[in-house]
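Any read-out appearing in this document is the output of simple, stated calculations on the displayed coordinates, not a laboratory observation. From a predicted model like this one, the values you see are computed outputs, not experimental measurements. All Cβ positions, glycine included, derive from the backbone under ideal geometry; neighbour counts span all protein chains shown.
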Amino acid sequence: MKILITGANGLLGQHLVQELLHQQFTVLATSKGPNRLPFEPSEQFRYRSLDITDELNLEKVMEEERPDVIVHAASMTQVDECEKNTELCEKVNVYGTTQLLVDAEAFSKYIIYVSTDFVFDGLNGLYREDDDLRPVNFYGFTKMQAEAIMHTSEIPWAIVRTCLVYGNPLQGTRSNIVNWVRESLQEGESIKVVSDQMRTPTYVGDLAKGLVEMIKRRSTGIYHLSGKEQLTPYQMALKTADHFSLDKSLITEVTADTFTQPAKRPPRTGFDISKAEKDLDYKPMTFEEGLQQMGETGIA
Ligand SMILES: NC(=O)c1ccc[n+]([C@@H]2O[C@H](COP(=O)([O-])OP(=O)(O)OC[C@H]3O[C@@H](n4cnc5c(N)ncnc54)[C@H](OP(=O)(O)O)[C@@H]3O)[C@@H](O)[C@H]2O)c1
């Protein structure tokens, strides 16, 4: 079975490719830029550069490759950049998803779209799969629109929403909360971390395993895949400092209004994951176990 991943260079994409290869799937990794995956090309693994907004090339790749399954993880993910450059954000997140689905309907059999807790307003977390969508920033708005496009799919589809993903990139992708805290404290830098937001942080390896399980079962509909513990970023920073024996006094607790960020953040999100636990036998790590895992695999 051939699986095409979009956004394979990203934090999730890298771990998903690794997990699929580990479970003997054939993987066609695609992403906008040059290959950043640490795997040698083989019968089981290839990489192709693919910008999902390049309609002609997208159709060409899909027609040539005819993947059985697509996991659509490519996205413009920087929330503040999306707020500042709405045109590009809409182009990648909405238009790119529309084009991908058109080609998926022609050349593939099943598609999973990776979405976010930022489709919710954050007033009533933990959220269940059927709760009302009310994004508070442009990034969330485009992800909600992309979800709506998936609902029109003529081939079996699933939406996986996830929340604050952390883990070591296999090779050079952007930072996440744990690596940011760890690296800042290691360099003796003071950091300010908010305590008026709530999330259920997701260890990237759990998310990758959950997605592979969905591929195996051809699960359809919406699933929430995240960790189970509700934590504030401030609590995550303290736990990170404790775990890696770093200086906690460098961490200052602040509220979100301390920062003047272009995009609003939903205050209390996080997921009720009971549907995934029941249907997929999904068993995420605790935050402490995720930190342990990161310590063992090291920072790339
Ligand atoms: N990380 C989180 O905390 C989080 C939380 C909730 C939901 N999500 C969702 O999970 C998914 C994966 O997130 P992530 O953390 O792995 O993101 P990431 O590290 O920012 O990676 C996203 C990838 O998308 C690719 N991309 C951007 N524009 C593209 C385009 N026009 N065509 C093709 N590829 C393009 C980039 O490829 P290149 O590097 O090759 O340019 C990048 O590697 C996203 O859909 C995101 O919305 C993430």
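Within the range 41-63, track down each residue that is more than 9 Å from the ligand (Cβ to nearest atom) and assigned to a loop (DSSP other than H, G, I, E, B).
Pro41, Ser42, Glu43, Gln44
Within the range 243-257, does at least one residue satisfy the condition of being within 16 Å of the ligand (Cβ to nearest atom) and either more than 26 Å from Arg128 (Cβ to Cβ) or in contact (Cβ under 8 Å) with a residue 12 or more places away in the chain (or both)?
No, the range 243-257 has no match at all.
Filtering the range 151-169 down to residues that are hydrophobic (A, V, I, L, M, F, W, C) and more than 14 Å from the ligand (Cβ to nearest atom), which residue is nearest to Ile112 (Cα to Cα)?
Taking the range 151-169 first, the residues hydrophobic (A, V, I, L, M, F, W, C) are 155, 157-160, 163-165.
Add one more test, that the residue is more than 14 Å from the ligand (Cβ to nearest atom), and what stays is 155, 157.
On the way: Ile155: 11, Trp157: 6 Å.
Checking each candidate, the answer is Trp157.
Could you check how many residues of the range 159-179 are surrounded by fewer than 17 Cβ atoms within 10 Å (Cβ to Cβ), in contact with a helix residue (DSSP H, G or I) (Cβ under 9 Å, 6 or more places away or on another chain) and not hydroxyl-bearing (Ser, Thr, Tyr)?
Qualifying residue count for the region: 2.
Every residue in the range 278-292 that is of a type in the set (S, T, N, Q) and not in a helix (DSSP H, G or I), please.
Residue satisfying the conditions is Thr286 alone.
Find the residue count for the range 15-35, including only residues that are more than 15 Å from Ile70 (Cα to Cα) and near the ligand (Cβ under 10 Å from one of its atoms).
5
Checking the conditions here, which among Val194, Val114 is out of contact with any His (no Cβ under 7 Å at 6 or more places or on another chain), under 23 Å from Phe271 (Cβ atoms) and of a type in the set (A, V, I, L, M)? Break it down into steps so the answer makes sense when it comes.
On the way: Val114 fails: out of contact with any His (no Cβ under 7 Å at 6 or more places or on another chain).
When all the criteria are applied, what remains is Val194.
Quick check on this structure: which one of Val79, Val61, Val71 is closer than 23 Å to Leu28 by Cα, in contact (Cβ under 8 Å) with a residue 24 or more places away in the chain and within 16 Å of the chain's Cα centre (by Cα)?
Values: Val79 fails: closer than 23 Å to Leu28 by Cα; Val61 fails: within 16 Å of the chain's Cα centre (by Cα).
Residue meeting the stated conditions: Val71.
Report those strands (runs of 3 or more DSSP E) wholly inside the range 160-277 carrying at least 2 residues which are closer than 21 Å to Thr77 by Cβ and of a type outside the set (Asp, Glu).
Working: elements: 191-194, 221-224, 251-254.
Hits in the range 160-277: 191-194, 221-224.
Could you grab me the full set of residues in the range 40-58 that are within 20 Å of the chain's Cα centre (by Cα) and under 22 Å from Gln171 (Cβ atoms)? Walk me through it before giving the result.
Taking the range 40-58 as the starting set, the residues that turn out to be within 20 Å of the chain's Cα centre (by Cα) are 47, 49-53.
Once the filter is applied, which keeps residues that are within 20 Å of the chain's Cα centre (by Cα) and under 22 Å from Gln171 (Cβ atoms), the range 40-58 yields Tyr47, Ser49, Leu50, Asp51, Ile52.
Matching residues to (1) away from the ligand (no atom under 13 Å from the Cβ); (2) hydrophobic (A, V, I, L, M, F, W, C):
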site: Val102; (1), (2): yes, yes
site: Val114; (1), (2): no, yes
site: Phe118; (1), (2): no, yes
site: Ile149; (1), (2): yes, yes
site: Gly172; (1), (2): no, no
site: Asn176; (1), (2): no, no
site: Glu183; (1), (2): yes, no
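Taking Pro38 as the residue in question, decide whether it is touching a Leu at 6+ places or on another chain (Cβ under 6 Å), more than 8 Å from the ligand (Cβ to nearest atom), under 21 Å from Met1 (Cβ atoms) and of a type outside the set (Asp, Glu). Let's see the steps before the verdict.
On the way: touching a Leu at 6+ places or on another chain (Cβ under 6 Å): yes; more than 8 Å from the ligand (Cβ to nearest atom): yes; under 21 Å from Met1 (Cβ atoms): no; of a type outside the set (Asp, Glu): yes.
Judged against the criteria, Pro38 is not a match.
Just give me the residues in the range 107-158 being crowded, with 24+ Cβ neighbours inside 10 Å and over 21 Å from His72 (Cα atoms), in sequence order.
Residue satisfying the conditions is Tyr127 alone.
Report, ordered by the first and then the second residue, all pairs with beta carbons closer than 6 Å, sequence separation of six or more or different chains, a first member in the range 121-148 that is under 14 Å from Cys163 (Cβ atoms), and a second member that is among the polar types (S, T, N, Q).
Correct list of pairs: Gly122/Thr269; Gly125/Thr269; Lys143/Ser115; Lys143/Thr116.
Filter the range 64-81 down to the residues that are within 10 Å of the ligand (Cβ to nearest atom) and buried (at least 16 other Cβ atoms within 10 Å of the Cβ), then identify the one that is farthest from Lys216 (Cα to Cα). Steps first, answer last, please.
Let us first name the residues in the range 64-81 that are within 10 Å of the ligand (Cβ to nearest atom), namely 71-79.
Pick out the ones that are also buried (at least 16 other Cβ atoms within 10 Å of the Cβ) and you get 71-77, 79.
Details: Val71: 13, His72: 16, Ala73: 18, Ala74: 21, Ser75: 24, Met76: 28, Thr77: 27, Val79: 32 Å.
Only one residue fits best here, namely Val79.
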